[in-house]
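We did not get these values from a lab; they are worked out from the coordinates using the rules stated. No experiment lies behind these values; they were computed from the predicted model shown. Because the Cβ atoms are built from the backbone with ideal geometry, glycine has one as well, and the counts that use them run over all protein chains shown.
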């Protein structure tokens, strides 16, 4: 477990968790990770968790559908995203 050595009181800097997936979710994650050339753990850290936090905590802008559509077209497009397939 990670502890900061710079403080006189040891403070935990990271936590380990264990996760169990059903077969369908594991296959989805495995296929996506393989397509990106990374491990499932890297996929979870770099894509799934940040996307989940972004979707959960970033406010949705209140704009007209036309302006919203233009905004979406200007954003970079991810070639394949499975985040919509996962249920949070």
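Each residue in segment 31-50 was checked for being in a helix (DSSP H, G or I) and loosely packed, with under 15 Cβ neighbours inside 10 Å, and 10 pass.
Any residue in segment 32-59 that is more than 16 Å from residue 19 (Cβ to Cβ) sitting within a Cβ distance under 7 Å of a residue that is assigned to a helix (DSSP H, G or I)? List the pairs, counting only those 6 or more apart or interchain. Pairs found: 36/43.
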